[in-house]
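Q: Starting off with a structure, shown below.
The values are calculated or read from the model by the stated rules, or taken from the named source; none is laboratory data. It should be emphasised that the depicted structure is a prediction, and the values quoted were computed from it without experimental measurement. Ideal geometry is used to build each Cβ from the backbone, glycine not excepted, and the neighbour counts take in all protein chains shown. With ligands, DNA and RNA removed, areas are computed over all heavy atoms of the protein, side chains included. Shrake-Rupley method; radii C 1.70, N 1.55, O 1.52, S 1.80 Å.
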Amino acid sequence: MIENDHKSQGAAFGMRGIVKRVLPHIILCAFSLMILMPLLWILRVSFTDRLTAYKIPPEIGTVGLMNYVEIFQRYPFASWFLNSLIVALGATAIALPLATALAYAFARFNTGGTFLRLGVLASQMLPPIILVLPLFGMFLMAGLMHSRTGLVIAHLTISLPFLSWMLVSFFEGDVARLEEAARVDGATRWQAFRHIAVPVAAPGILAAGLLGFILSWNEFLFALVLSGPSSQTLPVGLAALETHAGVEIAPLAAATVVSLVPVFALLPFLRKHLIKGLSLGALK
Amino acid sequence: MASISLSNIHKLYPNGYAAVRDVSLDIRDGEFMILLGPSGCGKSTTLRMIAGLETISAGDLHIGGARVNDVDPADRDVAIVFQNYALYPHMTVADNLSFGLRLRNVERRIIEGRVATIAGMLGIGDLLARKPAQLSGGQRQRVALGRALVREPKAFLLDEPLSNLDAKLRASMRTELIKLHRTLGTTIVHVTHDQVEAMTMGERICIMKDGVIVQVGAPMEVYRNPVNTFVAGFLASPPMNLLHGMLDSDRISIGDVVLPLPQSLRRAFASHAGRKVIVGLRPEDFHLKADAAPVAAPIEVVSVTTEVLGPEVILVGTLKNSSAELHIRCPRDFRSEPGAMTVFNYDLSQLQLFDIETTTALMRPVKI
């Protein structure tokens, strides 16, 4: 389709037309390559042996799945993956309902006014490193160090403010009118929230949940300081592959590829629901 | 079915803005009441207070004899139809219609029966499985109406439900609403800024401005005896011509034009003689024939332009030696070139006078 368009348009407008249409594509392709190159590089390295991994210009060398086997055999990759999954799912499962309720309170009752809204946002503006040390101290006292529970709590400090801010807009505007209609129809505030506001904002809530999961999945600093040997998450585990003997680049690449799988699997849903959520305003 | 009574209702917002001030209105059981006024006059706020969607700052609201100031909207047993319909986008038409009944745990068999009856009545029977996004504006309007009807509430509150429809559909929905009211006999409070809707649909009209009630009455009563220049200038299209004049004991002068006062009016206006007034002349009280009205006075009008509407022609003109414009309703074959002069016979029995300072109507005998 697009190529056909190109041809007919090019013929119609001559050389200048072709240049005008082709030039943006060349630039866009260059930028796309810039972003894709590291990913493709990692993908290639993950299938090669240790020796060829560093070679420039790149060589093919022995191609195989040995790196993937190695990360599971020589390193506790399965444990990292499981920890990441539990922490990310746990943090999202707790953050999402709380953020939904907070966002609803902000949107409908203006709870706490501008002060509280900005307060929630302010916690996001601080560099995470500032939060890590107090958390470290508190977790020591509470006996939460090195535990997955502690990590879930730590991740909540990131995802709860972020998700609630993101969700406020989904409860503002026309949804309020729908709730009013429901309340006159006989619904209590809770029923209107449960049967009208939440289903109507569902695409937004789902998108927020996916973002919250990815946020937690990729989080490094908190996990590095607060987790222990048995609760290490993927980003921390991957960092550990930079050993004293040098970076274990080939297994690191394989581990990176595996850790990217859940995020990539979620992206299509995220895109679909974000777009659906953002175009909800069209009521009339 | 129920009466709705508002006594000294106020709505104050925290920022000090008074949206509604001291509104008292008795809406009879089964009455079709119109709240009419320009945007920002407090009519929608008043309706929302009746529905329970806005708190009442002061005053008492009774529905069916019971005070409901603090009753939750869910328990007031009224139904509201919004301007943008507010259909639940994630539910089918059938679920939209039955939502209120399902909340009340009505038996499923009864719900299905009622939904079918209402859907048949409104001609939306074949749309029941669709979602609101798949409906046209007129169909959504019907579903919104059906959602209100299906619950058989004590009263219907309509918040400009016709304003999003095109002119033709609006006219037919107007007729349907009137018929519906006749069939059901339920109390209806209809908020609108459209004076045609107000005149044609309402049994009584309550005209509001700046948060207060200006006048309440049957459409023709409000049309014939507007209490002030605001009502006079708001109702009917084109509205009453309002011109500055001078009242003497036996005549009114509007610039160079002098209208003799009939005996009966002389007595009525005697106490105001010698004062400046606003003279109200309805566009439809000007006649080309001299014998069209028993007590008439000739008025010379210089044509500025004519608006040919089909069934009638609106002449926009000025009085001799004056720049104040006035509109005159003429028969459909009337034509006038700009600058041409026409003599009309004004029906003096319809003359309205308003105080120039307070803009309120000067007392007028009901019959001349």
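Q: So which of A:L226, A:L221 is open to solvent by less than 30 Å² (accessible area, probe 1.4 Å) and either more than 14 Å from chain B (Cβ to nearest Cβ) or modelled with pLDDT under 90 (or both)?
A: Within the list A:L226, A:L221, the selection yields A:L226.
Q: Within the bounds of the range A:158-165, is there any residue that is within 14 Å of chain B (Cβ to nearest Cβ) and buried (at least 20 other Cβ atoms within 10 Å of the Cβ)?
A: No, the range A:158-165 contains no residue that is within 14 Å of chain B (Cβ to nearest Cβ) and buried (at least 20 other Cβ atoms within 10 Å of the Cβ).
Q: How many of the residues making up the range B:97-133 are under 13 Å from B:L145 (Cβ atoms), small (G, A, S) and open to solvent by less than 30 Å² (accessible area, probe 1.4 Å)?
A: Total satisfying the criteria: 1.
Q: For the range B:319-368, name all the residues that are part of a loop (DSSP other than H, G, I, E, B), touching a helix residue (DSSP H, G or I) at 6+ places or on another chain (Cβ under 8 Å), within 19 Å of B:I299 (Cβ to Cβ) and open to solvent by less than 30 Å² (accessible area, probe 1.4 Å).
A: Within the range B:319-368, B:L351 is the sole residue that qualifies.
Q: Among the residues in the range B:68-90, are any open to solvent by 20 Å² or more (accessible area, probe 1.4 Å), at pLDDT 95 or above and not in a loop (DSSP other than H, G, I, E, B)?
A: No, because not a single residue in the range B:68-90 is open to solvent by 20 Å² or more (accessible area, probe 1.4 Å), at pLDDT 95 or above and not in a loop (DSSP other than H, G, I, E, B).
Q: Follow-up question, since we're still on this one. How many residues does the range B:91-105 hold that are facing chain A (nearest Cβ under 8 Å) and part of a loop (DSSP other than H, G, I, E, B)?
A: Count: 1.
Q: Filter the range A:44-75 down to residues that are open to solvent by 90 Å² or more (accessible area, probe 1.4 Å), at pLDDT 85 or above and among the charged types (D, E, K, R), then give me how many there are.
A: The qualifying residues number 1.
Q: Is it the case, given these coordinates, that A:L131 is under 18 Å from the mean Cα position of the chain (by Cα) and either free of Cβ contacts under 8 Å to residues at least 24 places away in the same chain or in a helix (DSSP H, G or I) (or both)?
A: Judged against the criteria, A:L131 is not a match.
Q: Could you pull out every one of the strands (runs of 3 or more DSSP E) wholly within the range B:223-318 that has 3 or more residues that are closer than 15 Å to B:D355 by Cβ?
A: In the range B:223-318, B:241-247, B:275-281 are the strands (runs of 3 or more DSSP E) which contain 3 or more residues that are closer than 15 Å to B:D355 by Cβ.
Q: To continue, here is another question. How many of the residues in the range B:178-205 are of a type outside the set (K, R), over 18 Å from B:R28 (Cα atoms) and either over 9 Å from the mean Cα position of the chain (by Cα) or crowded, with 19+ Cβ neighbours inside 10 Å (or both)?
A: Within the range B:178-205, residues that are of a type outside the set (K, R), over 18 Å from B:R28 (Cα atoms) and either over 9 Å from the mean Cα position of the chain (by Cα) or crowded, with 19+ Cβ neighbours inside 10 Å (or both) number 3.
Q: List pairs: first residue in the range B:7-32 and over 15 Å from B:T55 (Cα atoms), second residue of a type in the set (D, E) and surrounded by 15 or more Cβ atoms within 10 Å (Cβ to Cβ) anywhere in the structure, Cβ distance under 7 angstrom, at least six positions apart or on different chains.
A: B:E31/B:E203; B:F32/B:E203
Q: So, in the range A:139-157, exactly how many residues are in contact with a helix residue (DSSP H, G or I) (Cβ under 9 Å, 6 or more places away or on another chain), open to solvent by 40 Å² or more (accessible area, probe 1.4 Å) and part of a helix (DSSP H, G or I)?
A: Count: 5.
Q: Go through the range B:68-89 and give me each residue that's among the β-branched types (V, I, T) and more than 7 Å from every other protein chain (Cβ to nearest Cβ).
A: B:V68, B:V71, B:V81
Q: Considering each residue of the range A:167-192, count those that are facing chain B (nearest Cβ under 7 Å) and open to solvent by 10 Å² or more (accessible area, probe 1.4 Å), and give that number.
A: Number satisfying all stated conditions: 6.
Q: Can I ask one more? Look at the range B:169-192 and say how many of its residues are in contact with a Ser or Thr (Cβ under 7 Å, 6 or more places away or on another chain) and hydrophobic (A, V, I, L, M, F, W, C).
A: 1
Q: Can you tell me which residues in the range B:32-41 are open to solvent by less than 10 Å² (accessible area, probe 1.4 Å) and among the small types (G, A, S)?
A: B:G37
Q: Do any residues in the range B:42-60 that are away from chain A (no Cβ under 14 Å) and free of Cβ contacts under 8 Å to residues at least 12 places away in the same chain have Cβ atoms under 6 Å from those of residues that are open to solvent by 10 Å² or more (accessible area, probe 1.4 Å) and of a type outside the set (F, W, Y), where the two are at least six apart or on different chains, and which pairs are they?
A: Every condition considered, no pair remains.
Q: Out of all the residues in the range B:122-154, which are among the small types (G, A, S) and more than 11 Å from chain A (Cβ to nearest Cβ)?
A: B:G123, B:G125, B:A129, B:S136, B:G138, B:G146
Q: Looking for something within 30 Å of B:R104 (Cα to Cα), touching a Lys or Arg at 6+ places or on another chain (Cβ under 7 Å), assigned to a helix (DSSP H, G or I) and of a type outside the set (S, T, N, Q) - is there at least one such residue anywhere in the range A:203-223?
A: So far as the range A:203-223 goes, yes, one or more of its residues are within 30 Å of B:R104 (Cα to Cα), touching a Lys or Arg at 6+ places or on another chain (Cβ under 7 Å), assigned to a helix (DSSP H, G or I) and of a type outside the set (S, T, N, Q).
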